[in-house]
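Chemist: Dropping a structure here in structure tokens format, bear with me for questions.
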Amino acid sequence: MAESLPERESMDFDVVVVGAGPAGLAAAIRLKQDAPDVSVVVLEKGSEVGAHILSGAVIDPIGLDALVPGWREDETPVAQPVTTDRFYWLGVAGAMRLPNFLMPPLMSNHGNYIASLGDTCRWLADKAEALGVEVFPGFAATEALFDDSGAVVGVAIGDMGIGKDGEPKPGFQRGMALHAKYTLIAEGARGSLAKQLIARFRLDGDREPQKYGLGIKELWRVPAEKHHPGLVQHSFGWPLDNRTGGGSFLYHYGDGLVAIGFVVHLNYANPSLSPFGAFQQFKTHPMIAALLADGERLGYGARAITEGGYQSVPRLVFPGGALVGCAAGFVNVPRIKGSHNAILSGIQAADAVAAALAGGRAHDELAEYEDGWPQSAIGRDLRPVRNVKPLWSRFGTVGGIAAGGIDMWLNTLGLSLGTLGHRGPDYTATRPAAETKPIIYPKPDGVVTFDRLSSLALAGVGHEEDQPPHLQVADMALQISSEHDVYGGPSAHYCPAAVYEWVGEGQDLRFQINAANCVHCKTCDIKDPNQNIDWVPPEGGGGPNYRGM
């Protein structure tokens, strides 16, 4: 079919940025600060900037300070300073607060801000456009373009108006080719282009495998007497068992707003575990249920999070471009923060691109960026916490957090016990269903806890129904014989959007994919035990439409 499509029209830019998150927008802004005459375009697959952005978020302002000096005097969504910082260990009905003095200094949230990262990106997009950056929402970059030497020379935008049968429909529009001297990939965690480029250029060849978590978030408005602006609260423990990593976050800000969420590390073993179910169960804890009673749920969403840390960061550069932000894996797991490093990486990549363009270069490797990040603020943020995730995985939540805390203190004091590995990608941790005990979650009450379908209504999810599948199963026979028959169908449990269902029995058994539900979290691409599901971008503008997330 591709051979019969018309040739792509093209546009030329100095720099193409894929993704209008904090990293991509920071890179675009910095490029215009460094070189006002450089032409820069930012592609965003969401219907608008911020539509696909989901984070807690407590923001370390180090990135904003470097990118937009004086931002505190601006009218900005980053307006609520952290006033109170609490850590809890949860049991079934009780909670034990952990003393702050036990925490290494890097864990303190003093000086940080609570905000909607989506709204922050909308604000940054305005800044970028004011500098002359072209921002194109609703356009998904689906293909990297290469020259005869193998260098990346831009990206192709996905076609619009292709039917399920793969044939053009009335109103078909061929996606444009955007050519660039340098292409920056800022898609976030497990982006489709980043995944392809990492494999093509073997950027992870001598690195530890990337690790991931699934973060699920709800936005609530609670009564004034329960609202404590500036409160940041995290917890570990219940309802997860000791061998399953994860925890909660709860942030008070704005007009009675509470961002509440739950993260499950995707190296869990039990295939019947449901991160969504665990999150809903968490909200029944007396301490949480009392807060949410008489409140109103305003938003819902989910997103994969990179958790591999320092030793899992791939080589960042390839001929013609670079990875920035969460596409590079710059999240600090124990701090539960990544936006600051995303912005800093965008700045560093932009500085390297500006210098290259000034020197008349194009389509080569930005060695300055690759060589510089370990000694930069990003490296100084990630290196001291590099063993927390491996220790958590080895010794469970109780022993792992204790060992990780000791290791962070040692690094704070200038001591080091080396760097631990991760022992394999997350999908290899899944055990056959016969070796595990099924997990049964309480039914939702419709007041504090909810089901997935009613939650999706708050995510504003929408896709064109008549389009090729963007959730691609490579071998359906393997999906039945292994994912279902051996592992018990974990896709029906791990997906926070009820995309996957096993329907029927025996010869009538089939794998149903409700692609229109997809919130683009990428969990299936990460956790499928056979790596048999490939997430690719649907038509631009499809997916969630998050507000205030």
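Okay, residues lined up against (1) of a type in the set (A, V, I, L, M, F, W, C); (2) more than 22 Å from the chain's Cα centre (by Cα); (3) open to solvent by 50 Å² or more (accessible area, probe 1.4 Å):
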{"position": "Ala199", "(1), (2), (3)": "yes, no, yes"}
{"position": "Asp204", "(1), (2), (3)": "no, no, yes"}
{"position": "Gly215", "(1), (2), (3)": "no, no, no"}
{"position": "Glu218", "(1), (2), (3)": "no, no, no"}
{"position": "Ser248", "(1), (2), (3)": "no, no, no"}
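Chemist: Kindly indicate whether His252 is crowded, with 22+ Cβ neighbours inside 10 Å and touching a His at 6+ places or on another chain (Cβ under 6 Å).
Modeler: yes
Chemist: Taking only the range 515-541 into account, find how many residues are within 17 Å of the chain's Cα centre (by Cα) and within 16 Å of Gly46 (Cα to Cα).
Modeler: 8
Chemist: Out of the residues in the range 95-113 that are among the hydrophobic types (A, V, I, L, M, F, W, C) and touching a residue at least 24 places away in the same chain (Cβ under 8 Å), which is surrounded by the most Cβ atoms within 10 Å (Cβ to Cβ)?
Modeler: If we take residues in the range 95-113 being among the hydrophobic types (A, V, I, L, M, F, W, C) and touching a residue at least 24 places away in the same chain (Cβ under 8 Å), then Met107 is surrounded by the most Cβ atoms within 10 Å (Cβ to Cβ).
Chemist: A further question follows. Name, by its number, the condition in (1) in a loop (DSSP other than H, G, I, E, B); (2) surrounded by fewer than 23 Cβ atoms within 10 Å (Cβ to Cβ) that does not hold for Lys195.
Modeler: The one condition Lys195 does not meet is (1).
Chemist: Please enumerate the residues belonging to the range 352-375 that are buried (at least 20 other Cβ atoms within 10 Å of the Cβ) and small (Gly, Ala, Ser).
Modeler: Across the range 352-375, the qualifying residues are Ala352, Ala354, Ala356.
Chemist: Cβ-Cβ under 9 Å, sequence separation 6+ or interchain: first residue in the range 239-257 and among the acidic types (Asp, Glu), partner open to solvent by 20 Å² or more (accessible area, probe 1.4 Å). Which pairs?
Modeler: Hits for this filter: Asp241/Asn270; Asp255/Arg221; Asp255/His227.
Chemist: In the range 137-179, which residue that is assigned to a loop (DSSP other than H, G, I, E, B) and of a type in the set (Lys, Arg) is nearest to Glu48 (Cα to Cα)?
Modeler: Among those that are assigned to a loop (DSSP other than H, G, I, E, B) and of a type in the set (Lys, Arg), it is Arg174.
Chemist: Look at the range 138-171 and say how many of its residues are open to solvent by 60 Å² or more (accessible area, probe 1.4 Å), out of contact with any Leu (no Cβ under 9 Å at 6 or more places or on another chain) and hydrophobic (A, V, I, L, M, F, W, C).
Modeler: Number of matching residues: 1.
Chemist: Just checking, which of Gln472, Gln479 is under 28 Å from Ala269 (Cβ atoms), of a type outside the set (Ser, Thr, Tyr) and assigned to a helix (DSSP H, G or I)? Outline the logic, then answer.
Modeler: Values: Gln472 fails: assigned to a helix (DSSP H, G or I).
Step by step, each of Gln472, Gln479 is checked, and only Gln479 is under 28 Å from Ala269 (Cβ atoms), of a type outside the set (Ser, Thr, Tyr) and assigned to a helix (DSSP H, G or I).
Chemist: Quick one: in the range 511-539, of everything that is in a loop (DSSP other than H, G, I, E, B) and open to solvent by 20 Å² or more (accessible area, probe 1.4 Å), which residue is farthest from Ser491 (Cα to Cα)? Explain how you work it out, then say what you get.
Modeler: Of all residues in the range 511-539, those in a loop (DSSP other than H, G, I, E, B) come to 514, 518-522, 528-532, 536-539.
Filter once more, keeping what is open to solvent by 20 Å² or more (accessible area, probe 1.4 Å): 514, 530-531, 536-537, 539.
Numbers: Asn514: 12, Asn530: 12, Gln531: 12, Val536: 17, Pro537: 19, Glu539: 23 Å.
Of everything passing the filter in the range 511-539, Glu539 is farthest from Ser491 (Cα to Cα).
Chemist: Quick check on Gly213: is it assigned to a strand (DSSP E or B), under 21 Å from Gly56 (Cα atoms) and not charged (D, E, K, R)?
Modeler: Spelling it out, Gly213 is indeed assigned to a strand (DSSP E or B), under 21 Å from Gly56 (Cα atoms) and not charged (D, E, K, R).
Chemist: Another question about this same structure. If you take the residues in the range 398-431 that are within 22 Å of Ile305 (Cα to Cα) and of a type in the set (Ser, Thr, Tyr), which one is farthest from the chain's Cα centre (by Cα)?
Modeler: Thr419
Chemist: Among the residues of the range 220-238, write down those that are in contact (Cβ under 8 Å) with a residue 40 or more places away in the chain, open to solvent by 20 Å² or more (accessible area, probe 1.4 Å) and assigned to a loop (DSSP other than H, G, I, E, B).
Modeler: Hits for the range 220-238 are Pro223, His228, Pro229, Trp238.
Chemist: Report yes if some residue within the range 261-273 is assigned to a loop (DSSP other than H, G, I, E, B) and small (Gly, Ala, Ser); otherwise report no.
Modeler: Checked against the condition, which is being assigned to a loop (DSSP other than H, G, I, E, B) and small (Gly, Ala, Ser), the range 261-273 yields at least one hit.
Chemist: I would also like to ask the following. Among the numbered criteria (1) of a type outside the set (A, V, I, L, M); (2) under 21 Å from Leu382 (Cβ atoms); (3) outside any loop (DSSP other than H, G, I, E, B), which one does Gly299 miss?
Modeler: Here Gly299 clears every test but (2).
Chemist: I've got another one for you. Hey, any hits in the range 460-470 for a residue that's touching a residue at least 24 places away in the same chain (Cβ under 8 Å) and open to solvent by less than 10 Å² (accessible area, probe 1.4 Å)?
Modeler: So far as the range 460-470 goes, yes, one or more of its residues are touching a residue at least 24 places away in the same chain (Cβ under 8 Å) and open to solvent by less than 10 Å² (accessible area, probe 1.4 Å).
Every residue, every condition in (1) over 30 Å from Gly543 (Cα atoms); (2) part of a strand (DSSP E or B); (3) open to solvent by 20 Å² or more (accessible area, probe 1.4 Å), yes or no:
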| site | (1), (2), (3) |
| --- | --- |
| Val38 | yes, no, no |
| Val42 | no, yes, no |
| Ser55 | no, no, yes |
| Leu64 | no, no, no |
| Pro69 | yes, no, yes |
| Pro77 | no, no, yes |
| Tyr88 | yes, yes, yes |
| Ala93 | yes, no, yes |
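Chemist: When you go through Gly414, Gly404, Gly421, Gly400 one by one, which is the residue that is open to solvent by less than 40 Å² (accessible area, probe 1.4 Å), assigned to a loop (DSSP other than H, G, I, E, B) and over 30 Å from Ala350 (Cα atoms)? Before the answer, list the steps.
Modeler: Numbers: Gly414 fails: open to solvent by less than 40 Å² (accessible area, probe 1.4 Å); Gly404 fails: assigned to a loop (DSSP other than H, G, I, E, B); Gly400 fails: assigned to a loop (DSSP other than H, G, I, E, B).
Only one candidate passes the filter, namely Gly421.
Chemist: On to the next question. So is Ala349 buried (at least 22 other Cβ atoms within 10 Å of the Cβ) and either farther than 26 Å from Ser108 by Cα or touching a residue at least 40 places away in the same chain (Cβ under 8 Å) (or both) or not?
Modeler: Yes: the conditions hold for Ala349.
Chemist: Can you tell me which residues in the range 278-303 are over 25 Å from Gly118 (Cα atoms) and open to solvent by 10 Å² or more (accessible area, probe 1.4 Å)?
Modeler: Listed by number, the residues that qualify are Gln281, Thr284, Pro286, Met287, Ala289, Ala290, Ala293, Asp294.
Chemist: Next question. Take the range 435-450 and flag every residue that is without any contact (Cβ under 8 Å) to a residue 24 or more places away in the chain and open to solvent by 70 Å² or more (accessible area, probe 1.4 Å).
Modeler: Glu435, Ile440, Lys443, Asp445
Chemist: While we're on this one: Just give me the residues in the range 206-232 being out of contact with any Asp or Glu (no Cβ under 9 Å at 6 or more places or on another chain), modelled with pLDDT of 95 or more and closer than 30 Å to Glu370 by Cα, in sequence order.
Modeler: Arg207, Glu208, Leu214, Gly215
Chemist: Can you tell me which residues in the range 315-338 are touching a Gly at 6+ places or on another chain (Cβ under 7 Å) and either small (Gly, Ala, Ser) or open to solvent by less than 10 Å² (accessible area, probe 1.4 Å) (or both)?
Modeler: Val324, Gly325, Ala327, Gly329, Phe330, Asn332
Chemist: Do you know which residues across the range 58-82 are in contact with a strand residue (DSSP E or B) (Cβ under 7 Å, 6 or more places away or on another chain) and either free of Cβ contacts under 8 Å to residues at least 24 places away in the same chain or of a type in the set (D, E, K, R) (or both)?
Modeler: Asp60
The values are calculated or read from the model by the stated rules, or taken from the named source; none is laboratory data. None of these values were measured; they are calculated from a predicted model. So basically every Cβ, Gly included, is an ideal-geometry build from the backbone, and we count neighbours across all protein chains shown. All accessible areas refer to the heavy atoms of the entire protein, side chains included, with ligands and DNA or RNA removed. Shrake-Rupley method; radii C 1.70, N 1.55, O 1.52, S 1.80 Å.
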